[in-house]
Amino acid sequence: MDTGKLSNGHRARILVVCASIAAFASLSGCAAFNPQGAAQSAAPSYYNTSYDQLDPEQKMALENHLSNQSNQAWRTSAEVASGVGRLAGGTGILLWAAKH
């Protein structure tokens, strides 16, 4: 066995973490891709009335608010995924260096 490579267990863990982050990122970006649908679902929570009962300014404000939240979640997820990738790469280099 080459000591410079990650074991299958380590690779599996890294794959699970990356897949989890990708799933979270895809779910958190949904409002940005369908702001009206997200606003229709969220209107009762924000205004205690249905989306159809809101005036155009309220509809636009709610859609913008939900899109901004979704975009922020998307950026945060991307930053986390990037950090995990850097950490995994750095850990791999450190482990390789320690074994040599």
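Throughout, read-outs are computed from the coordinates displayed, never taken from laboratory work. Just so it is clear, the structure is predicted and the values come from calculations on it, not from any experiment. When we count neighbours, we look across all protein chains shown, and the Cβ atoms used for this are built from the backbone with ideal geometry, even at glycine.
Structural remarks
- 15 Å beta-carbon shell around GLU63, net charge (K/R +1, D/E -1): -2
- Extending 7 Å from the Cα toward the beta-carbon at both SER82 and TYR47 defines two label points whose distance is 3.6 nm.
- Within-14-Å neighbourhood charge of GLY37 [Cβ basis; K, R +1; D, E -1]: -1
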